[in-house]
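Comments concern the structure below.
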Ligand code: ABC
Ligand code: CA
């Protein structure tokens with residue numbers, strides 16, 4: 001699948017070990033409490049079969065793509081940070097992690113997802129292999145543990161990244177820290193590079209993946225990525241963990257898209273921390289000035305490497321405002337598993353809300369489809385599917401901004417968000433200029449609260465009665481036959 005085909009999609013991020021156990025699993029409650037560190041750093045029992053059995057949970061939530069955590073075989077030996085249940089610590093790139101199932105199970109997952117109209121994006125790592133407890137890269141003894149990178153020449157000389165502002169160091173040295181460094185692959189060695197390039201092509205073809213999420217992009221020199229993504233032959237979205245728009249955007253010359261880290265920082269600042277909404281105006285301007293195509297960026301509020309949104313701000317009404325923004329703004333929304341169940345990553349422990357506590361097993365939720373957040377996401381994503389394809393290539397237009405409110409138009413949609421929160425009791429009347437977008441007399445319905453209708457006035461403007469909840473307004477007539485709001 002190409003970048004253009006992915007433009008309209010929405011992505012649900014899941015960790016295979018934590019999404020669902022298969023129905024015949026022996027230890028159905030494992031990891032459910034999310035309270036014991038040695039437990040959350042080990043396998044919890046989620047599998048590919050578990051995902052297959054719960055695809056309707058994702059489909060009903062409204063997503064038409066999933067991003068699954070890395071699938072290759074990991075070391076079985078315990079480290080001080082537990083096991084490689086998350087998948088980022090490869091031992092053998094050419095076999096499938098047996099904890100998750102067989103090769104056939106993975107093929108079945110992709111096929112079952114496709115039958116339900118869900119595309120599958122696989123997370124892939126080309127920067128490093130898995131760490132070995134108490135050992136440092138790279139002796140012959142050390143490297144012979146890996147497939148296919150079993151030669152010392154496949155790795156950089158061992159060093160740790162100390163100066164994160166030194167790009168050479170960031171690319172050449174190991175991440176993971178002094179205690180458990182991840183052996184860094186030498187992608188300058190043409191033989192190592194070509195092994196990786198062959199590997200990605202074979203992985204994508206063997207399992208029929210629709211896209212790849214690329215790990216640790218800033219830790220590998222750029223030209224390598226051009227060859228790697230070309231060889232993958234499907235949509236690629238990279239992780240450059242950095243808040244700087246200019247720094248991240250250059251990578252869009254080497255792959256289709258990037259996760260929207262710069263915007264992530266702004267969205268947390270304005271919605272979770274309550275800072276001025278003018279931050280969104282600035283971030284969008286910077287995004288547009290620096291990125292080649294902002295409609296392909298993966299917009300997210302949190303994920304498995306950063307604190308859960310609700311761990312920073314426990315107000316679900318504010319979460320819904322932030323979700324309304326990412327689900328309809330320019331770009332591809334990426335929602336992390338458990339958001340729909342109001343997971344907060346156990347915020348009371350040390351590092352609470354963040355890795356490893358933000359990786360809760362989803363089964364404690366019983367896969368309820370009736371939580372307000374589940375319903376909220378599902379309504380917006382059902383609506384999103386009705387929108388014409390031009391919605392996904394146009395840019396949004398600011399409709400109103402002040403310290404607490406951000407509203408935008410995109411095509412025929414108007415989105416109203418604020419960071420006041422449920423306890424603020426705020427209500428404000430704001431007249432928003434329609435600028436000829438809708439003709440006077442048009443009835444605009446809030447699809448999130450179907451009995452709320454705003455009539456466009458004689459001057460083409462709208463009176464917005466703002467409370468703490470977000471609004472998504474759309475010409476009511478155009479919803480006829482859609483089933484939304486019983487129309
Ligand atoms: C384990 C333990 C942790 C422990 C750590 C040392 O080891 O679980 O508790 O603290 C995987 C596992 C992790 C595991 C790591 C290391 O491996 O999931 O649980 O941590 O063994 C990707 C993946 C991530 C994965 C890896 C490794 C990479 O999404 O899940 O981790 O395959 C860096 C990398 C980034 C990486 C991330 C975890 O670390 O660049 O690719 N994610 C700064 C740096 C960033 C750095 C970030 C976090 O800190 O610039 O490069 O990310 O450490 C902004 C700045 C940013 C700055 C932030 C903090 O502030 O603009 O640049 O980011 O303002
Ligand atoms: Ca590297």
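Derivation of every value follows stated rules applied to the coordinates shown; laboratory data play no part. Bear in mind the structure is a predicted one, so any value in this text is a computation, not a measurement. A quick note on method: Cβ atoms are made from the backbone with ideal geometry, for glycine too, and the neighbour counts reach across all protein chains shown.
With a cut-off of 8 Å between alpha carbons and a minimum separation of six or more residues, what is the relative contact order of the range 141-242 in percent? This gives 22 percent for the range 141-242. Among 88, 43, the ranking by other beta carbons within 10 Å of each residue's beta carbon, starting with the fewest, stands as 43, 88. Ranking of 144, 49 by neighbouring Cβ atoms within 10 Å, starting from the fewest: 144, 49.
Put in line by how crowded their Cβ is, counting other Cβ atoms within 10 Å and starting with the fewest, 302, 282, 17 read 282, 17, 302. Our summary gives the range 406-487 a relative contact order of 35 percent, counting only alpha carbon pairs under 8 angstrom and 6 or more residues apart.
For the chain, the Kirkwood hydrodynamic radius from C-alpha pairs, put into Stokes-Einstein at 37 °C and a viscosity of 0.692 mPa s, yields a diffusion coefficient of 140 µm² per second. Where only DSSP H runs of four or more residues are counted, the chain gives -7500 deg cm²/dmol as its mean residue ellipticity at 222 nm, each run worth -39500 (n - 2.57). Once both labels are positioned 7 Å from their Cα atoms along Cα-to-Cβ, the gap between residue 424 and residue 56 label points is 4.0 nm. With both labels modelled 7 Å from their Cα along Cα-to-Cβ, the residue 395 to residue 144 distance reads 5.8 nm. For the range 235-341, rounded, prolate or oblate, judged on the Cα gyration tensor with a ≥ b ≥ c (square roots of eigenvalues), a/c < 1.5 rounded, else prolate if a/b > b/c? The shape class here is prolate. Helix 190-207 axis versus longest C-alpha principal axis of the chain: approximately 60°, rounded to the nearest ten. Semi-axis lengths, largest first, of the ellipsoid equivalent to the range 357-487 are 27, 19, 15 Å, with √(5λ) applied to each eigenvalue of the Cα gyration tensor. The residue 273 and residue 435 beta-carbon pair, evaluated with R₀ = 45 Å, returns a calculated FRET efficiency of approximately 0.90.
Contact order, relative form, for the chain: 13 percent (alpha carbon pairs under 8 Å, 6 or more residues apart, mean separation divided by residue count). Rounded to whole Å, give me the distance from the Cα center of the range 310-339 to that of the range 23-77. For the range 310-339 versus the range 23-77, the Cα centre distance is 22 Å. Using equal-weight Cα scatterers in the Debye expression, the normalised intensity of the range 36-80 in log10 at q = 0.17, 0.22 Å⁻¹ is -0.70, -0.93. Available extension along the chain between residue 4 and residue 487 is 170.8 nm, counting 0.36 nm per residue and deducting the alpha carbon span. P(r) tail, the range 84-125: Cα-Cα pairs separated by more than 13 Å, 61% of all pairs.
In the range 116-155, whose amide N lies under 15 Å from the spot 7 Å out along Cα-to-Cβ of residue 80? List them in ranges. Correct set: 131-137.
Can you give me the angle between helix 278-290 and the longest principal axis of the chain, using Cα atoms only, in degrees from 0 to 90, rounded to the nearest 10? Helix 278-290 sits roughly 60 degrees off the main axis of the chain.
Each label point was placed 7 Å from the Cα along the Cα-to-Cβ direction; for residue 169 and residue 38 their separation is 3.6 nm. One Cα centroid belongs to the range 156-227, the other to the range 344-360; the line between them spans 28 Å. Counting every alpha-carbon pair across the range 174-251, the share separated by more than 18 Å comes to 47%.
In vacuum, with every alpha carbon of the range 142-221 counted as one equal point scatterer, what does the Debye formula give for log10 I(q)/I(0) at q = 0.17, 0.19 Å⁻¹? Two decimals, please. Treating every Cα as an identical point scatterer, log10 I(q)/I(0) equals -0.77, -0.92.
Which part of the range 31-54 falls in the paramagnetic zone of residue 104, meaning amide N under 20 Å from the point 7 Å along Cα-to-beta-carbon? Those under the cut-off are 47-54.
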